[in-house]
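Asks: The structure under discussion is supplied below as structure tokens; questions concerning it will follow.
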Amino acid sequence: MAKNIRYTTDDRMVIEGVGANYSAGDFIVQGILHGVSINNVASGADAVVQAVGEVEYAKTAGETWTEGEDLYYDAASDAFTTAITTDGIVRGVAAEDAPIDATSGLVKLVPGRMAADADFVAYDNGTSGLAATTVQDAIDGLVTAVDGVVYDDDARLTDARTPTAHKSTHATAGSDALSAADIGAAAETHASQHFTAGDDAIAPADIGAATADHTHDAVDIAYDNDAVPAIVDIGGAMDAVIDYIRQLPKVKRITVLSSSATGTSDGDTTLAGGAVQSIVPVSGVDKFPIACAIDGTTGVITLTLAAASTDEATFDVWVKPVLPAT
């Protein structure tokens, strides 16, 4: 005989053909019917259960019960809970308060009834990111989200949509004709008729032009000597350019090793007799140059510092060469 029944009346009932073995005191559920088994019962047999009254039964851990609060039966944990179960059937109410650390509570059994619609259809927006807190708000949000979405069968995606093909209306004689200027096009021309392959081709001789494969003799190329009046031909002009280039300054890089006060450049006979125009420090310079001499035969440049350089130092020496006699 079940010993967890605290208060009873004669409100017992029979649940026919139970689907498992039960012991006295177990809670049996079959559809909307339920109750505490009075005795042990085998699977397939009829069970006599206490359907109304107060029973002491396991409580879901971590919950606090308030007297009169609806309770649901969780078959997986064989305990009563305040959380709505999948079937949504209220099977009891808390007969008294139960603290959070209690492992069992006093349940007043009631005839099975469905939870209120608003409770049973719970809306959890914990992962949606929406601001909705009710099912209706969520539905409204969904409607807003899909408003204006175009589906594959939308009539607006067919050729019948407005505007339909109508380029003929923009043709020259159309009802909404476009001019060349309206579309950034050039006006109609006939120049292609005069191209080489045109039906009215123009030959070079027709317009006083030379053929594409023509050549020129040197005497055919005019030379304008306004800048250098003494030069009367192209050869003289080229010679003048060469002479000018020869007189352009040359730059020689000279390295003075650390703990040394002098450095030399490579030989360059074009610099023999030339004149130093400037000395530009490049890197590692901590002593100033005091002399720079050019060998009159080899063109080797020797740079002398005021004192030995602490670190390796480099200089660029600019030299203007002497134009050789012609």
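Bear in mind that the values in this text are calculations on the coordinates, not laboratory data. This is a predicted model, so every value here is computed, not measured. Please note: Cβ atoms are built from the backbone with ideal geometry, for glycine as well, and neighbour counts cover all protein chains shown.
Asks: Using a Förster distance of 41 Å, how high is the FRET efficiency between ILE202 and ALA173, based on the Cβ-Cβ distance and rounded to 0.05?
Replies: 0.80
Asks: Where does the charge balance sit around GLY68 when Lys and Arg score +1, Asp and Glu -1, over other residues with C-beta under 12 Å from its C-beta? Working shown, then result.
Replies: Numbers: positive: LYS108; negative: GLU67, GLU69, ASP70, GLU96, ASP97.
Here the charged neighbours net out to -4.
Asks: Let me ask something additional. Can you compute the charge dipole magnitude of region 48-96 about its Cα centre, using +1 on each Lys and Arg Cβ and -1 on each Asp and Glu Cβ, nothing else charged? Give it in debye, rounded to the nearest 20.
Replies: Working: 2 positive and 10 negative charges, 27 e Å.
With Lys and Arg at +1 and Asp and Glu at -1, about 120 debye.
Asks: Separate question: Work out the length of the dipole vector of region 7-116 about its Cα centre, built from +1 on the beta-carbon of each Lys and Arg and -1 on the beta-carbon of each Asp and Glu, and round it to the nearest 20 debye.
Replies: Value, rounded to 20: 260 debye.
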